[in-house]
Amino acid sequence: MRTEYKLRSRFRAFTDHAATAIAVLSTIVVVTPLIAIFIYLLIRGFGSLNVAFFTKVPAPVGEIGGGMANAIVGSAVLLGLASLIGVPIGIGAGIYLAEFGRGTRMAYAIRFTADVLNGVPSIVMGLAAFSLVVIPQKHFSAFAGGVALGIMMIPTICRSSEEMLLMVPHAVREAALGLGVPNWRAVLSITVKTASPGIITGCMLAFARVAGETAPLLFTALGNQFWSTSLNEPIAALPLQIYVYALSPYDDWHRLAWAGALVLIVLIVLAVSLVRYVTSRGVLKGTS
Amino acid sequence: MGVGIEVTNLNAWYGTNHTLQDINLNIPANHATALIGPSGCGKSTFVRCLNRMHETNPIARVTGSVRIGDLDIYQDAKPVEIRRRVGMVFQRPNPFPTMSIYDNVAAGLKLNGFSNRRELDEIVEKSLKNSALWDEVKDDLRKKSGASLSGGQQQRLCIARALAVDPEVLLMDEPASALDPVSTSKIEDLIFQLKSQYTIVIVTHNMQQAARVAEKTGFFLNGRMVEFDSTHKIFTNPSDKRTEDYITGRFG
């Protein structure tokens with residue numbers, strides 16, 4: 001009896017350690033590629049970073065030097081426009097699914113569409129924006145690129161917002177209704193506010209995902225070797241510039257492409273951290 | 001000041017489940033009335049019919065009439081208006097987790113468009129004093145979240161939140177069942193003080209609690225109200241055999 005107990009407890013201790021080890025190992029496996037990519041980018045790209053990279057537009061073919069200032073600003077313009085389109089529509093649809101359309105056919109159709117949209121290859125999104133915006137306008141434009149990226153953000157934001165809203169305890173909704181607060185007000189001021197950290201995370205995921213997209217920009221924003229911030233003209237973007245430079249035969253352009261990739265990743269991390277910082281400033285002690 | 005409640009032929013359903021059957025009852029103003037009975041007997045559904053929270057469930061249905069003061073709540077007013085006059089405290093403390101203590105108490109007013117800061121400050125202080133929480137939280141009103149308080153404090157915060165809207169009736173659905181004995185006795189003391197200003201209806205599983213706080217007690221069983229009388233009579237000399245069986249612990 002006693003030996004059996006000892007054996008069993010030793011076995012339990014073993015499984016406990018084994019399970020912990022597997023969890024730690026999985027974490028390492030997940031994080032390693034990320035760190036490896038970042039280190040590799042630092043090695044290959046950091047040397048080419050200089051003031052000109054951030055202040056100059058690309059040099060003409062054959063000349064050494066130049067920078068990606070127009071592509072950095074272009075990416076910011078495209079992502080700003082994409083967020084203006086994707087965030088409100090995505091969150092709005094998520095609120096509808098979680099709060100107002102629960103159990104309706106309409107909600108089912110929207111949820112299904114969003115899931116399909118999420119699986120559509122990004123180049124197809126570019127084609128959609130091409131036929132919706134570029135063809136009627138008869139020219140490539142930053143606006144078309146922003147639309148393509150914005151549409152790509154919608155399904156991710158919509159579904160993650162819905163999930164986050166559904167996680168808000170029913171008791172919190174009841175508390176608001178019990179105070180005589182109209183339903184729409186309770187949804188906006190209580191449920192959405194309670195779920196907002198999760199909703200913001202969803203927006204950031206969608207933002208980071210489209211920030212690196214090249215395919216949907218190929219025949220919408222097109223890219224631009226010159227300085228432009230107009231929504232009505234083709235605009236440069238970091239992923240496009242990296243794509244063009246990486247495929248070129250020139251060593252100088254290859255180096256710039258590495259630097260561009262490094263800058264893109266750092267900018268995404270900075271943008272996400274900034275939003276996290278700004279949105280967490282108002283959070284109180286002990287908020288669960 | 002509190003007002004009386006007159007319930008006539010109240011029936012309620014969840015889907016096809018007839019959870020309340022022909023309830024007739026007069027709840028006196030400015031007293032505490034306890035509702036007891038085994039789980040699933042309909043007492044929670046009953047109080048949820050008194051502020052029209054029952055119908056927030058899409059499969060729920062109600063018939064009959066409930067008069068609160070001179071208002072027939074199913075005829076004369078919208079649910080949101082009723083719920084401002086009939087406050088509710090739930091079984092589990094449910095403060096708004098992202099709001100400060102202050103904002104939790106002010107929520108009912110703020111969300112209904114009330115924005116006079118000076119008056120809000122006064123109402124928040126008064127409500128927290130009425131719920132015996134002021135001394136414990138007055139230094140952290142805006143710094144701490146409602147969720148950072150202990151369970152018992154959270155429940156008193158929820159009472160303050162309900163009082164801030166200045167209701168005439170306060171419904172309490174097992175307000176102490178998730179709390180420890182010390183917090184429970186604080187809530188009971190509070191009910192004792194509050195009933196001079198509000199009509200209180202308290203659902204409880206705890207028969208001693210009913211005996212301690214309420215002047216009147218109703219016994220519910222299987223969706224019907226078996227007996228309604230003074231608390232003293234219910235616990236010492238009930239008229240119905242089923243009531244007697246329940247309070248002497250023969251079932252439930």
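Annotations for the structure displayed:
- Think of each Lys and Arg Cβ as +1 and each Asp and Glu Cβ as -1; about the Cα centre, that makes the dipole of region A:2-48 roughly 280 debye.
- Proxy reagent accessibility, fewest Cβ within 10 Å first, across B:13, A:258, A:227: A:227, B:13, A:258
- Between the beta carbons of residue A:254 and residue A:112, assuming R0 = 45 Å, the FRET efficiency works out to 0.55 to the nearest 0.05.
- Neighbours of residue A:111 by Cβ distance under 13 Å: Lys/Arg scored +1, Asp/Glu scored -1, total 0.
- Per residue of peptide B:92-103, the mean number of Cβ atoms on other chains within 10 Å of the residue Cβ is 5.
- Alpha carbon convex hull of region A:2-48, projected area averaged over orientations, nm²: 3.4
- Taking the Cα centre of region A:197-288 as origin and assigning +1 to Lys and Arg Cβ atoms and -1 to Asp and Glu Cβ atoms, the resulting dipole is close to 560 debye.
- Within chain B, the ratio Rg/Rh, alpha carbon atoms throughout and Rh by Kirkwood, equals 0.97.
- Within chain B, DSSP assigns beta bridges of which about 60% are antiparallel (rounded to the nearest 5).
- In degrees, nearest ten, helix B:151-164 long axis to first principal axis of chain B (Cα): 90
- Rounded to 5, the percent of DSSP beta bridges in region B:153-252 classed as antiparallel: 55
- For residue A:97, the shell of other residues with beta-carbons less than 12 Å away shows a net charge of -1, using +1 for Lys and Arg and -1 for Asp and Glu.
- Counting only residues at least eight positions apart within a chain, or on another chain, the aspartates and glutamates with an alpha carbon under 13 Å from that of residue B:78 are B:55.
- FRET efficiency for residue B:236 and residue B:205, using Cβ-Cβ distance with R0 set to 25 Å, rounded to 0.05: 0.80
- The alpha carbon convex hull volume per residue for region B:191-252 rounds to 85 Å³.
- Computed FRET value (nearest 0.05) for residue A:270 with residue B:18, which takes r as the C-beta separation and R₀ as 45 Å: 0.15
- In chain B, helices alone account for a calculated mean residue ellipticity at 222 nm of -10000 deg cm²/dmol, with every DSSP H run of four or more residues adding -39,500 (n - 2.57).
- Nearby lysines by direct alpha-carbon distance to residue B:143 (threshold 24 angstrom, same-chain neighbours under 8 apart not counted): A:193, A:285, B:110, B:126, B:129
- Dividing the helix sum by the residues of chain A, where each DSSP H run of 4 or more adds -39500 (n - 2.57), gives a mean residue ellipticity at 222 nm of -23500 deg cm²/dmol.
- Taking the number of Cβ atoms within 10 Å of each Cβ as an exposure proxy, the fewest-first ranking of B:78, B:144, B:43 is B:78, B:144, B:43.
- With semi-axes defined as the square roots of five times the eigenvalues of the C-alpha gyration tensor, the equivalent ellipsoid of region A:70-280 measures 37, 19, 13 Å, largest first.
- Cα-based equivalent ellipsoid, the protein assembly as shown: semi-axes from gyration tensor eigenvalues, Å: 60, 28, 23
- Annotation: lysines with alpha-carbon distance below 22 angstrom to residue B:233 (same-chain offsets under eight excluded): B:43, B:195, B:216, B:241.
- Dimensionless Rg ratio for region A:35-158, taking C-alpha atoms and the 2.2 N^0.38 Å reference: 1.42
Coordinate-derived values only; no laboratory data. In this text, all values refer to a predicted model and were calculated from it rather than measured experimentally. Using ideal geometry, Cβ is built from the backbone for each residue, glycine included, and neighbour counts are taken over all protein chains shown.
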